[in-house]
Each structure stands twice: as structure tokens, then as C-alpha cells.
1. Just checking, does the range A:26-42 include any residue being surrounded by fewer than 16 Cβ atoms within 10 Å (Cβ to Cβ), more than 8 Å from DNA strand C (Cβ to nearest atom) and hydrophobic (A, V, I, L, M, F, W, C)?
2. Give me the pairs, please: first residue somewhere in the range A:666-692 and on the phi > 0 side of the Ramachandran plot, second residue anywhere and in a loop (DSSP other than H, G, I, E, B) and at pLDDT below 90, beta-carbon distance under 8 Å, and either six or more positions apart or on two chains.
3. Determine which single condition A:PRO66 fails, assuming it passes every other condition in (1) surrounded by fewer than 14 Cβ atoms within 10 Å (Cβ to Cβ); (2) at pLDDT 95 or above.
4. State the number of residues belonging to the range A:480-495 that are under 22 Å from A:VAL639 (Cβ atoms) and either within 38 Å of the chain's Cα centre (by Cα) or exposed (fewer than 12 other Cβ atoms within 10 Å of the Cβ) (or both).
5. Out of the residues in the range A:591-614 meeting the condition of being outside any loop (DSSP other than H, G, I, E, B) and free of Cβ contacts under 8 Å to residues at least 24 places away in the same chain, tell me which one is nearest to A:ARG364 (Cα to Cα).
6. Can you tell which of A:ARG713, A:ARG675 is basic (Lys, Arg) and in a helix (DSSP H, G or I)?
7. Just to check your reading of the model, which residue among A:ILE815, A:ILE798, A:ILE794, A:ILE827 is of a type in the set (A, V, I, L, M, F, W, C) and under 25 Å from A:GLU660 (Cα atoms)?
8. So how many residues does the range A:773-827 have that are within 16 Å of DNA strand B (Cβ to nearest atom) and not in a helix (DSSP H, G or I)?
Amino acid sequence: MHKNKYALIVVDNTSANTDKVFTYVIPEEIINYVEVGKRVLVPFGKGNRLLEGLVIEIVDDIDFIPNKLKSIKKVIDDTPIISKKLIELGLWMKDKYLAQYIEVFKTITPTGISNKVIKYIKITEKCKYAYKGSLDEKQKKIIEYLFELKECELSKLKADLRIKNINIHIKALEDKGLIELFDKINTGIGKKYEKFVKRIFDKDKTTEIIDSLSKNAVKQIEVIKILNDVEYIKLKELMLKANCSYSTIKSLYSKGLIEILDINVDRSPIKEYIPPYKKVSLTEYQKLCLDTIINDISKGNINKFLIHGVTGSGKTEVYLQLIEKMLSQDKDSIVLVPEISLTPQTVERFVGRFGNKVAILHSRLSIGERYDEWRKIKEGKVKIVVGARSAVFAPFNNLGLIIIDEEHENSYKSSMNPKYSAIEVAEKRCDLENAALVLGSATPSIETYYRAKNGDLKLLEMPTRVNKTKMPSIEIVDMKKELEKGNKSILSEALFKAIKDNLHNKKQTILFLNRRGFSTFISCRKCGYVVKCSECDISMTYHLDNNVLKCHYCGLSVKPPITCPECGSRYIKYFGIGTQKVEEYIKKIFPSAKVARMDVDNTTKKGSHERILNDVKNGEVDILIGTQMISKGLDFPNVTLVGIIAADISLNLPDFRASERTFQLVTQVSGRAGRGDVEGKVILQTYEPEHYSILASKEHNYKKFYDMEIKIRKEFNYPPYTSIINIVLGSKDEIKLKEVSKEFYFCLVNALERSFRKVRDDLILGPNPAPIYKIRNNYRYQIMIKCRDEEIQIVKKILKDLVINKKNDKKFRNIKISIDINPTSII
DNA sequence: AGCACGCCGACT
DNA sequence: GTCGGCGTGCTC
């Protein structure tokens, strides 16, 4: 007798209650086609509607036979879209970040590849002749509607007719045999095709053919001439070259001289020619670093490394030569870079060295482009992937190396479910696939450095710059003293003078301010009213270019008030500075200087980023003003001065990582100065010149900063000594939220008390209104858990059960519960 | 989520 | 009686 096989399937259905693995019977006819990692269609729920599912395991036996086991309907993929190793990684992520199966696997498999099953409805042959007198009004309406369209999407019919209880009527009509329901599978994006023209006449008969054409057929002759030189040409290109229309080509086609073909092309996101990026000889430190890594990997000593290299120490060259080593062993490499530094400059280095062996993945790719890159990786056409966070899931089968550059960057943490850290995921993936992990940074995160010191990663230092230039000197300017001197402007005397000198010497300057817009808040001088976003608990930022107040959380724009909405006075004043104001001010006091600004407000369009950087490169910019965006990766030898307008912005945030972030920013931005022959200079303006994070960055002394910071972390029980679990409850109903947050808190405390004999005082904090109390009209309450390594599994289990329990609780309807394990920020 | 079942009030 | 509204519970 045939023995059944069963597939364990994650069904595409987002609900706390369906977040389970479902078992289906594999019908014998398709047993050879069902494989782990392929998607299938399965009947689900009472209506047996077809849903997509991912096969994550195939088993011969199941512990118990649930009474009504259903069968797989259809296999979608020819080959698995996800490897067993990546499935394992996904299951690990689900547990680690308390996410749902479906969320995890949607993250790992590329977006846009998902097939949608769409229900269609049509009328039957029988219906055309059948007597319809027995139908009620609503059913008649449906039939009439379908008579026009013959068939249509079920959802469209429902939306157009808006009949109540429509399902019952549809079922009745189906039973009578008047209509039929069927499914169509939408295969998502297809491959890209482009029209090509092929010459099918003999090359040496070209003149003969030209003679045979009418003398009036100037364009056709031109086309033939072009085709004399090339056999294949893109239709668009040919039309452009010959300056002709499609009809010219068509007439040549009808004469049988050419063929028009649809050829599958890859949408290549690398559009321009990229010059080769030459291999350079390594400095002593680079060589030591490279050799240590290669040696350790081959001996199997350790496979995780942290390169702590100062800005300009040439980490990229080490990465490149490591990848080269991997290539020689036929192994694949993944390079992760922060989203904002995924600029052409970064890409050029990898593509310039390895050419078409490189695929690029980042958020600005269209769905089609992303799918093409994904397919190239999957099919083994490329060996290297350079990309942002999600590139950690690149579907390689022979992974040898994952490199994470600028390891401390918070863009490696996802803000959406699963709220994963690409660093932790990369580490896990390396363990699973026996690959090596290399992290690199000039300012490693405290957590990573701590782990390196503990021996979890091997620490490699690169303390000097490649071209032996000195680190830039940093001058700290106390802005309180400037104020005492009577200088109320944005620039201190020292910075003003330095910019002036730099302009005179034809050197470039970068001015950094981590805040966009013009004024950060506007307020009434009479009553103190501050304009806040109506949807969020955030003061609105004034933007000069289109004269609006913008909320930087929800994007809402309003016209600035002329009189105070509270007291009616006209004393509305604009406070705080943003990059736009700096730009305006600089243009005013240095009218002859060429000034450019770079922040999210003017780089959203494709290519705008590149344009600004090119202008800087070509010397068409004297002063570049920008936010975080300009803090990393930029390498312009003529930039000798960096001005940090206000280092305090990041320092004063109510977040335990504020000092760390400030140190990182100052170090990174400073690193932009003096990359050429002339020593760089940094002028740092602050109201807190004695702060340890400012002082340590002045000395370029990471270790000094680390030693200070780690003591504070220990004292206050912050990471790396604990893991933080941040629970945010959100709702539009403020009163209900407050109540429910308390209830959630007490349930949590109760459960914790049952599991731990004694609950530490600072294990669980809250519930407090979140630092940003309202976003997009959603009120937010926060509960924070600081737990030690040995506690975390139990705490997560408790939380998971509690959340599922509460999601089924009527009281928690319309309450969103978001859990973030080790968030990058607790604001 | 989405679908069916089942209870209960309004109305022919 | 019975139509339709809505709350409840389950999905291999």
C-alpha cells in the first residue's frame, strides 16, 4: 500500500491564531514535485479558499492524524525559492525576534516574487438559456452584471455591486449552475523582455539590397547601412541611430530583410560604465589584518572578526582582497553596507574590481530590478552581492563570507517585523553555512566591541591611515563663551575664519548639522505656544523652499500661522536651526562661494544624490552642507575643513545610546577631512565641551570613550550587560490605551513573578507614555524590560504567550502591541 | 484575515 | 415564521 507523505507548510495568512505550521497530505501524483522551499497552493479554512504556502519540511509520519487533513492543490515553483539553510535561519529568527512565520519568510524571500491567487467569477453557458424568473432581485443583479463582463475578479464584482451577504447569493447561483468560480494565479512580475532587430540578409549583399529599395526610402537605406555593421541591435537604439520610426523597421520586416525578436534581458541597475578599480599594495596593517583572517579561517581557529580601523585606514581594500580569496575558492560573498552609503562611490569599488560578478541590492531598486538581481544570485550568475540590510538573505548556495561595513550603523536593525539585526542574523547564517563573518568600523558599537574583548570575535586593529596622513586635528569651540562674547550667529568666530581661509585657499569645506529643515520649531513669544503636528506629539519644522511646516514623523505639511492660534498675537518667532537655515546663512555671508546642501529633502529623486556628489568631486562646490548623509563613505581629497555646527543635538536625546551616537557621528564626520595631502581640520561647536564623548573624539581615542561608556552601561544595567525588550502599545483611543497598558503590565509582572523567585527592581519599567507620545494620531505607551542573558528565553516565552492571549482578548481590540528586542533607540 | 455558524431582534 | 445583523470561533 502507498504510504502518505506529509508537508509542513507555512500558510500566507497573517493572524496571531494562524501563526502555526499546518500539515497537508501530499497527493501521490505530485509527490515528485513537492520539495522543501517551494511554494504550493493549499485549501484553507472553511471556504477552502486557496492560499499560498511555503513547504518548510516533508515528513513520513505525523504524531496524530487530525481528523480532516487536506491535500496540497498545486505546486507553484519549479525549483525551491529558499534553501533549507535559509529556512532554518528563518525559524531561528522567528524565535529570536518573536515574529510570525509568515513575516519571517516574506522577509527572506524577495518581495515581488509572491504569487497571488485571485478568485474570478463567470457565467456559465447554461445561464444564457436558463429561466431566471425564480431568482430574487440581488441574484438577478449579479447575473446582469456578469452578462456585460462575462468574467471578472470576484472582489471587483463585490466592490461594484455592494450587495449585503453577497456570498450567500453567489453560493446559491453556483448551486443552480448559473455561475462558476475559478482561480487565476498572478505570477507577479515576469522577466523583462526587450525588442531586438536581427539582420537576416547576407552581409556582402548590402549594396545590392540598397539598390533594390526605392530611392525615396532614405530611412530604410540608413537602417540597412547600420545593420551592415552589427547583426543584433536593440530596436530602440536602432531607431535612435537611424532617426526613424517603428514603421520603417516594420516595412523592412515585411520585406523579409530583418527579424524582430523579444529577447529576455536583465534589468541592470548598474547603468554607466564603471572604470576598473585597481588593486593596490597593502599597508603593513592591512596586510596583517588580511593575513590573520585568511589564516584563521583556513585553520578553523575562529571565523568571526571585528576590524577596528580608523577612518581612511583602507578597510575596503581588505574586504576586496578577502572576496578575491573567496572567489579563488569558488565561494560566494555578501557585503552589507548601510543604506545611505550605498552610493555609486561604494558600488564602483566592488563593480570596478569584480565586474559582472557583482549584484547590487538596495531599496531604490524597482520590484522588477530587485527580482532580476535576486534571480542572478539564485542562478549562480554572480558571486558577490553588495547591498543593504536585507542582502544578508541573498540566496547563495555556497556562501563563504559575510562582510558588514560600518557595523555600528543603526540601519542594520529592521524597524519592521521581524525586527531583526542584520549583524545577529549574519552571525547565525555564518554558523549555519560555515562561512566567515567580518565586521568593520572606525567606531564599533559598544556591544560588538565588548564581544570582541570577550573573545567572541577576533579584534583586529588598523590604527593608521593608508596614505600616512595624520588624523585631522579637532578644535572644540564652547558656544556658551561665544554667546558671552556677543556672537549669536550660527558660526563661531573660529569656524567663520576657517571657512573664509579655506575659500581663499580654494579648498573645500563640509558643514555638518544633523537636522534638516529651516527652523526646528516655531513658537509664540507672547504665550509660549509651540506649533505641533496635529497627528503627532512633535513640534513642526519650518521648511523654507516651499514655505511650509512639516512634521518629520508623518510628513504632514501645513502653512505656517501668521498670528498665534492661542492668543492671536503676531509675535511668532522661528527657533532652532536646520540645514536649510545654515545654507541660507552661508550664502548670505559668503556670497561668492558655491554652496550645496544634501539631506533627505533634496535627494529623494533617483540620481539626485549622485549629482550633488559629482559636483563636489568636480570642484563645483566650495561648501557642502548636510546631515548624517554626508557623514560616511565620502572621500574627497580637497576637503580640508569640517565644521560641526551643533554636536549637542544627538547628545541630548533621551536615549542611553546618545553618547555613543554622538561619538560615532563626530568621528565619522571628522574622518571626511584631510583625506588628501593637506592635513585636515575639524571645528566642533558645542555647549558641552567637557562631555567625555566630545573629549574622546577630539583625541580620536575610541578606547577611552569605550572605557567610560562601558562603566555607565554596567552601572545602569544597559546593553551589553542586559538585553532590552521594548514593548510599545499603541491605539487611537487614549483613555482605553492607558488602562489596557496597565493591565498588560500587571499580567506581565504576575507571569514573571511566577517564573522567577524574585523580580529585580529594574527588570521591568513602565508602563510610561512613550517619549514620542503620539505618532499619526496613535497614542503610545511603553514597557521596557532589561533582562540578563540567562533570563531572556523565559521572558520571551512569557511575552509570546501573553501577546497571543491578549490578541484574543476583547479589551485589546484595536490595540497594537509591538515588541522590539534590543531596539537601536528607545524613543 | 476571512469565512461560516448561530443567536436574537425587527418585520412581513 | 424568516430575514439579516452581528458576535464567536476555527482554520491542517
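The values are calculated or read from the model by the stated rules, or taken from the named source; none is laboratory data. What you see is a predicted model, and the numbers here were worked out from it, not measured in a lab. Neighbour counts are summed over all protein chains in view; Cβ atoms, including those assigned to glycine, are modelled from backbone coordinates with ideal geometry.
1. Yes - at least one qualifying residue is present in the range A:26-42.
2. What qualifies is A:GLY674/A:THR469; A:GLY674/A:LYS470; A:GLY674/A:MET471.
3. (2)
4. Result for the range A:480-495: 4.
5. First, pick out the residues of the range A:591-614 that are outside any loop (DSSP other than H, G, I, E, B): A:595-598, A:600-602, A:608-614.
Next, from what is left, pick out any that are free of Cβ contacts under 8 Å to residues at least 24 places away in the same chain: A:602, A:608, A:611-612, A:614.
Numbers: A:ASN602: 15, A:SER608: 12, A:ARG611: 16, A:ILE612: 17, A:ASN614: 19 Å.
Per the criteria, the residue is A:SER608.
6. Numbers: A:ARG675 fails: in a helix (DSSP H, G or I).
Result: A:ARG713 is the single residue among A:ARG713, A:ARG675 that is basic (Lys, Arg) and in a helix (DSSP H, G or I).
7. Values: A:ILE815 fails: under 25 Å from A:GLU660 (Cα atoms); A:ILE798 fails: under 25 Å from A:GLU660 (Cα atoms); A:ILE794 fails: under 25 Å from A:GLU660 (Cα atoms).
From the options A:ILE815, A:ILE798, A:ILE794, A:ILE827, the qualifying one is A:ILE827.
8. The qualifying residues number 8.
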